Amino acid sequence: MRLHSLRVKASVFSLLLIVAMCLFFILLGNGSMQSLLEKSRENRYLTYQYQISGLLNQSREELVQLSDLIVLWRGGTSASPEILRGLFDRQWEYVQISWGLESLKLYTNDRQPPIHWGESTRRLTPEQIREVIISGQPLESVHCSRICVQSLAVPVIAGDSTDYVLQVDRSLADKLVTFREITGSDIGILSAAHSTPAFHTNDYLDSWKREVLALTSKEMLMPLLRQIAAEQSQMPGLRYTKSHLFESKHFDVKTIPVNSTEENGAHFVIVDNVSDQIAQIDSSLKLLLLFSVLGAFIFISAITSMLWRPILRLRRLAEALPLLSEGKFDAARGLIRPVSKRNAHYDEIDVLDSTGLAVCDQLEVMKEIVSQNTAELERIAMYDTLTGLANRHNIVEELKKYLHGGDFGDGTGYLFFVDLDNFKQVNDSLGHQGGDDLLRVVAQRLVSVMRFGDMVARLGGDEFCVFVRSLSSDGTYRTLAEKMLSIVAEPVRIGDDMVRVTLSIGVVAIPEHGNTLEAILQKADIAMYHAKFRGKNNYQLYSADLPGMETLGEESLEREDVELIAGSDSPY
């Protein structure tokens, strides 16, 4: 069996088609599963955002309640700053441990530093102090330095009508643990971007220029963050879809700004183990691939056994078709076997064989008809039916080839735009048949003075065009133009009348006067009208100094140059 036979190609094509279909469905399945995974990721991280927001709001409510408890004094009034100072000077450590506070600050006015207990965290600005007292509303903020704390500043009016501001700061570390217990995913906090480590040298990520301030499962996940930071210089945001392989496990890592308005500020980092989901997708793809291969094998076997014999007949028909294009109709008939069945029992291959024989007969007849008509169509398309000269389309194509070739040789090309003077009067005097006879005579005379390779064309009506590819000297075009004027001006007998007709010729040098078809034809037309204006029976070489058409239109006068000479005894 030849490898290039139609049977082998059909089998290989079917195999490739099935493989392509299998790959398509595998890719489609993989894309669907990846899409589901991505959708699951989006939903999961939206949930994480809501969880973080909810935990922060819960912590804020706890701080509000805690602030109310701190300032509560006898009789339900708020304690004064002096009372609170004495109380917390004695029991700050107990309060700090019991309520998990980082620091506590009292602002009695906006011009003096606050009274504070615990860690030295960020203070309120004078503007913020005034804003809290005037608005009467708490001011919440989250800020990170060595640790991340949630700060709540509340306005207080003591029982003695003293206004002051109480600021309560609590670490977010407990909320990170709560987040992990709720979601099962690890979470940490990255510091704001800074070029050198400020607090945690061992936890500084050079590529991201941030420190890890807090992280659940830190011993396991800190190497993962170092690896990711080394691989990419940008932190993975919520839209980042790539998972990271670390110690044979796949992890999704996303970052969320702690404050949405501070892109370069501190960020929450969420680490999610997605190894089980990716393993499930891989298993599904392997199973899909196995069934695809099995299905492809079964399908190819069935298709091959069913099409093997019809393919042999198709091969004979395929060998016959090139013979039809070569005109070897008898040889083609020998390859296509006649069908002996009744028409009602034809299958598709029988129809092809029968149609092939019919086409063979029809093509043989059509080839003879086409051969006869091709020559006629070529003549009609490229030549003038009245004079037998090249027509407008023919000479335009020649000019285009000449201009696009750019090889103008040693000489200069010339285009002669020829128009018969007062030809309308000839038609009126002799009739249209006489005018046609005159045009044929003019065409023959123009051709008689041309060299081999020069082109004479009739553009339409009484307009002719002569294209000379190369003349050796500047004055040669004058000789050719004068020959055309002279030979056409000789009297000619049209019926019983002797007629003398003259020409007006516009001459354009190529490429001196133009290198585009539009420019050459336009300038030839202008030169021809100048020849008419100078008295007709004349020629004019185009020059940039020639006035435009609008100037000639007002001054041009028609002059009769046609002489109708009656009688055979005329000297012409």
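The values are calculated or read from the model by the stated rules, or taken from the named source; none is laboratory data. Computed from a prediction, not measured in an experiment: that's the story for all the values here. In this analysis, Cβ positions are derived from the backbone assuming ideal geometry, glycine residues included, and neighbour counts consider all displayed protein chains. SASA here: full protein model, heavy atoms, side chains in, ligands and nucleic acids out. Shrake-Rupley method; radii C 1.70, N 1.55, O 1.52, S 1.80 Å.
Give me the extension gain from residue 206 to residue 369: residue separation times 0.36 nm, minus the current Cα-Cα distance, reported in nm with one decimal.
Going from the current span to full extension adds 50.2 nm.
Using Cα atoms only, what is the angle between the long axis of helix 392-405 and the major principal axis of the chain, expressed in degrees (0 to 90) to the nearest 10?
60
Would you kindly state how much longer the chain becomes between residue 361 and residue 162 on full extension, computed as 0.36 nm times their sequence separation minus their alpha carbon distance, in nm to one decimal?
Taking residue 361 through residue 162 to full extension adds about 60.0 nm, to one decimal.
Skipping prolines and chain starts, which residues have an amide H placed within reach, meaning under 5 Å, of the one on residue 214, given they are 5 or more residues away or on another chain?
189
Would you mind checking the tilt of helix 275-325 against the longest principal axis of the Cα atoms of the chain, expressed as 0 to 90 degrees and rounded to 10?
Between helix and principal axis, roughly 10 degrees.
Pick out, from 25, 65, 87, the residue whose Cα sits farthest towards the positive end of the charge dipole of the stretch 1-118, with +1 on the Cβ of Lys and Arg and -1 on the Cβ of Asp and Glu.
Of 25, 65, 87, it is 25.
For every other residue with a beta carbon closer than 12 angstrom to the beta carbon of residue 99, add +1 if it is Lys or Arg and -1 if Asp or Glu, then tell me the sum.
-4
Might you report the magnitude of the Cβ-based charge dipole of the stretch 1-128 about its Cα centre, with Lys and Arg at +1 and Asp and Glu at -1, to the nearest 20 debye?
My answer is approximately 1100 debye.
Answer with a single label: of (1) 56, 38, 20; (2) 100, 48, 20; (3) 53, 27, 20, which was calculated as semi-axes √(5λ) of the Cα gyration tensor in Å from the structure in view?
(2)
Per-residue HN-Hα couplings for the stretch 443-452, Karplus 6.51 cos²θ - 1.76 cosθ + 1.60 at θ = phi - 60°, whole Hz, x for Gly and Pro?
Taking θ as phi minus 60°, the curve returns 4, 5, 5, 5, 5, 5, 9, 8, 8, 5 Hz for the stretch 443-452.
Toward the positive end of the charge dipole of the chain, about the Cα centre and with charges on Cβ (Lys, Arg +1; Asp, Glu -1), which of 260, 321, 98 goes farthest?
98
Given a 1.4 Å probe and heavy atoms of the protein chains only, how would you sort 436, 496, largest accessible area at the top?
496, 436
What does the extension gain come out to for residue 49 and residue 515, with contour length at 0.36 nm per residue minus their alpha carbon separation?
Going from the current span to full extension adds 160.6 nm.
Going highest first, how would you order 169-178, 322-331 by mean Cβ packing within 10 Å?
Going by the mean number of other Cβ atoms within 10 Å, highest first, we get 169-178, 322-331.
Over the chain, average the accessible area per residue using a 1.4 Å probe and give it in Å², no decimals.
Numbers: 32090 Å² over 572 residues.
I get 56 Å² per residue for this part.
Quick one: what are the phi-derived ³J(HN,Hα) couplings along the stretch 211-224, Karplus 6.51/-1.76/1.60 with θ = phi - 60°, whole Hz, x for glycine and proline?
Once θ is set to phi - 60°, the couplings for the stretch 211-224 become 9, 8, 7, 7, 6, 6, 6, 4, 4, 7, 8, 4, x, 4 Hz.
Enumerate the calculated ³J(HN,Hα) couplings along the stretch 355-360 in order (Karplus 6.51 cos²θ - 1.76 cosθ + 1.60, θ = phi - 60°), each rounded to whole Hz, writing x wherever the residue is Gly or Pro.
5, x, 5, 5, 5, 4
Probe radius 1.4 Å, ligands and nucleic acids ignored: give me the carbon and sulfur share of the accessible area of the stretch 338-454 as a rounded percent.
The computed percentage sits at 53.
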